[in-house]
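Enquirer: So that we are looking at the same thing, I have put the structure below in structure tokens.
The values are calculated or read from the model by the stated rules, or taken from the named source; none is laboratory data. Just so we're clear, the structure is a prediction, and the values are computed from it rather than from any experiment. Reconstructed Cβ throughout: ideal geometry from the backbone, glycine too, with neighbour counts over all protein chains shown. Each accessible area value is taken on the protein alone, full model and side chains, heavy atoms only, with ligands, DNA and RNA left out. Shrake-Rupley method; radii C 1.70, N 1.55, O 1.52, S 1.80 Å.
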Amino acid sequence: MHKNQHTDNECQKESKNHIIEEQIEEVLEDVFTYDEERYVKKTVPRRLLLLLRNIAAGAAAVLFIVSFFNVPAAVRAAAYFIGAAAYVAEILIITRLFRIRPSHDEMFMAYVFGPLYLMMGISYLTH
């Protein structure tokens, strides 16, 4: 009986390995296969998100620089809100609009700093 359990565990491991191999093959095929119709559908929103993210990041940087001068706290708050929007766009880009689930290691910065920027913006508005 013990030997059967060992064999069952090996079969389960092999089955899981096979499933993982199939998933890896699908991802690699998706990355390296050019299908013009799919490419256009997936690329246009990605390019738009990249553009919006870059505009938001640039605007936030400019507002942070301006906030070094004697300006109302609302300027720094706006910089943090726009920076938070850039992190949201980054999350959407990395997750392909939440269609894939990257590792937490890869997403850690965006998940931490996005909400943190939002809280900092609220803090500057309330003080």
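Enquirer: Could you please tell me which pairs satisfy a Cβ distance under 6 Å, a separation of 6+ or placement on different chains, a first residue in the stretch 65-86 that is among the charged types (D, E, K, R), and a second residue that is surrounded by fewer than 20 Cβ atoms within 10 Å (Cβ to Cβ) and outside any loop (DSSP other than H, G, I, E, B)?
Expert: That search, which allows pairs on different chains as well, returns R76/Y124.
Enquirer: Would you tally the residues in the stretch 88-127 being without any contact (Cβ under 8 Å) to a residue 12 or more places away in the chain, open to solvent by 90 Å² or more (accessible area, probe 1.4 Å) and assigned to a helix (DSSP H, G or I)?
Expert: 6
Enquirer: Can you name the number of the only condition in (1) out of contact with any Phe, Trp or Tyr (no Cβ under 8 Å at 6 or more places or on another chain); (2) open to solvent by less than 50 Å² (accessible area, probe 1.4 Å); (3) at pLDDT 75 or above that L48 fails?
Expert: (2)
Enquirer: Among the residues of the stretch 59-80 satisfying the criterion of being aromatic (F, W, Y) and surrounded by fewer than 20 Cβ atoms within 10 Å (Cβ to Cβ), which is farthest from M119 (Cα to Cα)?
Expert: F69
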